[in-house]
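**Q** Quick one: the structure is below, and I'll ask about it shortly.
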There are 2 protein chains.
Amino acid sequence: MSAYHPLTEQEAIEIARTVEGIFPEGAALQSREIGDGNLNLVFHITDPASGKSLIMKQAVPYAKVVGESWPLTLDRARIESEALILQNELAPGLVPTVYKYDADLALTIMEDLSDHIIMRHGLIKGESYPKFAEDITTFMAKTLFFTSDLGKNQQDKKLLVKNYVNPDLCKITEDLVFDDPYTVTDNNNYEAAIEDAAAALREDGELHLEVALLRAKFLTSAQALLHGDLHTGSVFVTKDSTKVIDPEFAYYGPIGFDVGAVIANLVLNYAGQGHWIQDPSELAKFRGYLIESVRDIWTKFDLKFRALWDEHGVDRLFNSAAGYKDLYMKSLLQDAIGFAGCKVVRRIVGLSHVADIDRIPDAADRERAQRLALEIGTSLIKFNRKADSIEEAIDIVWSAAAKQ
Amino acid sequence: MSAYHPLTEQEAIEIARTVEGIFPEGAALQSREIGDGNLNLVFHITDPASGKSLIMKQAVPYAKVVGESWPLTLDRARIESEALILQNELAPGLVPTVYKYDADLALTIMEDLSDHIIMRHGLIKGESYPKFAEDITTFMAKTLFFTSDLGKNQQDKKLLVKNYVNPDLCKITEDLVFDDPYTVTDNNNYEAAIEDAAAALREDGELHLEVALLRAKFLTSAQALLHGDLHTGSVFVTKDSTKVIDPEFAYYGPIGFDVGAVIANLVLNYAGQGHWIQDPSELAKFRGYLIESVRDIWTKFDLKFRALWDEHGVDRLFNSAAGYKDLYMKSLLQDAIGFAGCKVVRRIVGLSHVADIDRIPDAADRERAQRLALEIGTSLIKFNRKADSIEEAIDIVWSAAAKQ
């Protein structure tokens, strides 16, 4: 790692030239650092003359959000790069193509997706994405099934588990999602207006038990290679394209965590939409679209995962034991609902928030959205082990919204 | 690995001389190859003059039981050696001391325990071991707790998971314990007399569902660093000493698998004792001792594990969430009962049997023992998820025996 240093824009341009087959010889390249995340430098390298471009993502050895005091291994760049390559094999076209990975620089050079927008930003504007549910469930079903003991040689799977051991990034999730919101810590971040609701999280024993059970699954259940951070800020979309980015949190974990992350971020947007769309009938329509998406996420995922299992299942007993598949899918649904709840709650009171709610300018609107999200999140968590269908989770969303 | 070759006894002696602090200079060492397992050479090196001795265990690159056709990585020697060293730190005195590990030769040089006997052989003779339940539960509670997310730094734990990825040895268990007994395969090995009972295993859908669920836990649940093969042939005993050997199957798996292995092998002896002890009152007494041991294994393990958790728990939420500890321990009990059942069944119809039953010379006695073991094993498997106390498992053993 001795060659490692954070790149300057000029260095980024020089390295970009070495990627074969992208830019014409001698192109006048431009660089713009566009990283708005917390963990990386992101250089957007363009050649205005040819219209060609690429993205260079370089890990930095600390979390920017808390200064240099939170060190993070550069190994996450290897994990991200290898995960992207594997995901592109398993779910072609649904992640950016990796052109090159430089281990010394912790640098991944990949396809530019600037014709897409971050899905979260689109949703905030009230845009709907008709292909999203279809694409994201294809992505999840394929990447999760084919890295699990159901769809992959079980000895090779163990080598993947080893390859994707990811302590630093898992620690972030373990703290921010599965601990901080339920205790007093400087990591938490919420407005004084919801102090009572935040305090309630810390005093709710029923909630703590369910979060503990979900935390244990996150820590021990090596079901499949997760994306690990599958929120709507990790998805680039157009009306007819979906690209999943940023798998630096990838590790072997419980499948429901990825599915739940998608659902959670639709729910967070749902909670925020009370402000972004003011017209009641437009609001009802867009919220209807979000709910329909939640339903589709589960039902399409369930259908596709089962179809892959039917066609490509590698395990004699898992394939043949009557009732096993139904039990397995039900357990994924329950996990997804529980993890969705945890991911909603942490975005309201934890360290890192979402624009869907945080950027609501009106304080009363924002508070209403925060309280709605907390109500939905905690209800999903408490309900998770009882769930039998996605409709029950949707009812939780409806009825929490109806109470406001 | 280029230096690797199976050692001759003369080579073993020369290497033994290089271990510091054991043998006097120029001692006339003797070697005897005593490996009766399937996977290793074991040299017993002695110096009759000083009475000093040691054990050299060398992995061979194939499973002897099926000739050279079943290749096995020599990496298991590293895993065994490192597991022994770690177990000795966590549960001092309950495993042999490792003097030296030679990676090139896949060779572990360790404390000689020839003043102990293999517990299985002692039990067959009707010997009882008053310290066993105490020692083995100390061993399990300490090694399992302190390698789990409850008792170990959770980021360091992930590095241990990585270090103990053990595909070849896990594959043996996955096949022999969690698949073969429930299907037709050349690996299976049972007598014609119990063909009906073996066929019943293959046709029992309720059983298959439970075995599938247990198999999934074995494949995905990285709770703690298991011994992985904790039967009574892996335990050296005297009346007042217990030493656990042979952790080459060590990997991160479900805690109940180790606990269940101990229980299973007491149950197997219980089933066989109908022959070994013929006097009805002696038989009842020894079976009573075995049942008492099963009860002690769980209750002492439960007590010690909880005590370690109370004193050394590292996880804020796991420590504080009301009801979590009870749910966790109940789930370990259920797993232990289910895994115990699987381990009993495989020793009757699968590839590898136990002397407690196989060496019964009388065919009718042997068949009775085999049928009793299968009845207990399948009942434990079917009951596992309903279990609430070890007494229920004991009732299953009693009532199966009473029916014979």
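The values are calculated or read from the model by the stated rules, or taken from the named source; none is laboratory data. Keep in mind that this is a model prediction, so the values were computed, not measured. Because the Cβ atoms are built from the backbone with ideal geometry, glycine has one as well, and the counts that use them run over all protein chains shown.
**Q** Which of (1) β-branched (Val, Ile, Thr); (2) within 14 Å of chain B (Cβ to nearest Cβ); (3) surrounded by fewer than 24 Cβ atoms within 10 Å (Cβ to Cβ) does A:Ile381 not meet, given it meets every other one?
**A** (3)
**Q** Can we say A:Thr143 is buried (at least 21 other Cβ atoms within 10 Å of the Cβ), part of a helix (DSSP H, G or I), β-branched (Val, Ile, Thr) and away from chain B (no Cβ under 13 Å)?
**A** yes
**Q** Select, from B:Arg287, B:Arg306, B:Arg316, the only residue that is touching a Lys or Arg at 6+ places or on another chain (Cβ under 7 Å) and either crowded, with 19+ Cβ neighbours inside 10 Å or assigned by TED's automatic domain parsing to the domain that holds B:Thr232 (or both). Show your work before the answer.
**A** Working: B:Arg287 fails: touching a Lys or Arg at 6+ places or on another chain (Cβ under 7 Å); B:Arg316 fails: touching a Lys or Arg at 6+ places or on another chain (Cβ under 7 Å).
Criteria check complete, one pass: B:Arg306.
**Q** Give me the pairs, please: first residue somewhere in region B:234-248 and of a type in the set (Phe, Trp, Tyr), second residue anywhere and assigned to a strand (DSSP E or B), beta-carbon distance under 9 Å, and either six or more positions apart or on two chains.
**A** B:Phe236/B:Ile117; B:Phe236/B:Ile118; B:Phe236/B:Thr242; B:Phe236/B:Lys243; B:Phe236/B:Val244
**Q** Same structure again: Could you please let me know if B:Glu191 is charged (D, E, K, R), surrounded by 20 or more Cβ atoms within 10 Å (Cβ to Cβ) and either more than 10 Å from chain A (Cβ to nearest Cβ) or within 16 Å of the chain's Cα centre (by Cα) (or both)? Let's see the steps before the verdict.
**A** Values: charged (D, E, K, R): yes; surrounded by 20 or more Cβ atoms within 10 Å (Cβ to Cβ): no; either more than 10 Å from chain A (Cβ to nearest Cβ) or within 16 Å of the chain's Cα centre (by Cα) (or both): yes.
No: the conditions fail for B:Glu191.
**Q** Now, a different point. Keeping to region A:110-121, report how many residues are assigned to a strand (DSSP E or B) and more than 17 Å from A:Gly51 (Cα to Cα).
**A** 2
**Q** Answer yes or no as to whether A:Val161 is part of a loop (DSSP other than H, G, I, E, B) and among the β-branched types (Val, Ile, Thr).
**A** No: the conditions fail for A:Val161.
Okay, residues lined up against (1) of a type in the set (Val, Ile, Thr); (2) out of contact with any Phe, Trp or Tyr (no Cβ under 6 Å at 6 or more places or on another chain); (3) assigned to a loop (DSSP other than H, G, I, E, B):
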position	(1), (2), (3)
A:Leu169	no, no, no
A:Asn188	no, yes, yes
A:Ile194	yes, yes, no
A:Ala200	no, yes, no
A:Leu213	no, yes, no
A:Leu219	no, yes, no
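**Q** State the number of residues belonging to region B:124-137 that are surrounded by 21 or more Cβ atoms within 10 Å (Cβ to Cβ) and either hydroxyl-bearing (Ser, Thr, Tyr) or under 11 Å from B:Val235 (Cβ atoms) (or both).
**A** Matching residues across region B:124-137 total 5.
**Q** If I filter region B:199-244 down to residues being more than 24 Å from the chain's Cα centre (by Cα) and of a type in the set (Gly, Ala, Ser), which single residue comes out as nearest to the other protein chains (Cβ to nearest Cβ)?
**A** B:Gly205
**Q** Test each condition in (1) free of Cβ contacts under 8 Å to residues at least 12 places away in the same chain; (2) closer than 23 Å to A:Ala363 by Cβ; (3) not small (Gly, Ala, Ser) for A:Lys285 and report the one that comes out false.
**A** For A:Lys285, the exception is condition (2).
**Q** So, of the residues in region B:302-338 that are more than 22 Å from A:Glu206 (Cβ to Cβ) and more than 25 Å from the chain's Cα centre (by Cα), which turns out to be nearest to the other protein chains (Cβ to nearest Cβ)?
**A** B:Val314
**Q** Is it the case that region B:255-269 has a residue that's aromatic (Phe, Trp, Tyr), in contact (Cβ under 8 Å) with a residue 24 or more places away in the chain and part of a helix (DSSP H, G or I)?
**A** yes
**Q** Let me ask something additional. So for region A:84-103 (the condition being over 28 Å from A:Glu134 (Cα atoms), modelled with pLDDT of 90 or more and in contact with a strand residue (DSSP E or B) (Cβ under 7 Å, 6 or more places away or on another chain)), does at least one residue qualify?
**A** yes
**Q** Related question: Does B:Ala321 meet the test of being closer than 18 Å to B:Ser379 by Cα and either among the aliphatic types (A, V, I, L, M) or in contact with a Pro (Cβ under 9 Å, 6 or more places away or on another chain) (or both)?
**A** no
**Q** If a residue has to be basic (Lys, Arg) and touching a residue at least 24 places away in the same chain (Cβ under 8 Å) to count, how many in region B:288-330 make the cut?
**A** Filtering region B:288-330 down to residues basic (Lys, Arg) leaves B:295, B:300, B:304, B:306, B:316, B:325, B:330.
Next, only the ones that are touching a residue at least 24 places away in the same chain (Cβ under 8 Å) stay: B:295, B:300, B:304, B:330.
The number of residues fulfilling the criteria is 4.
**Q** Applying the selection to region A:237-269, what residues are of a type in the set (A, V, I, L, M, F, W, C) and either under 28 Å from A:Arg368 (Cα atoms) or not assigned by TED's automatic domain parsing to the domain that holds A:Phe145 (or both)?
**A** Result: A:Phe257, A:Val259, A:Ala261, A:Val262, A:Ile263, A:Ala264, A:Leu266, A:Val267, A:Leu268.
**Q** Let me ask you something else. Say we look at region B:176-188 and pick out the residues that are in contact (Cβ under 8 Å) with a residue 24 or more places away in the chain and over 29 Å from A:Leu219 (Cβ atoms); which of these is nearest to the other protein chains (Cβ to nearest Cβ)?
**A** Among residues in region B:176-188 that are in contact (Cβ under 8 Å) with a residue 24 or more places away in the chain and over 29 Å from A:Leu219 (Cβ atoms), the one nearest to the other protein chains (Cβ to nearest Cβ) is B:Tyr182.
**Q** Which condition from (1) out of contact with any Asp or Glu (no Cβ under 6 Å at 6 or more places or on another chain); (2) at the interface with chain B (Cβ under 7 Å from one of its Cβ atoms) is the one that A:Asn153 breaks?
**A** That leaves (2) as the condition not met.
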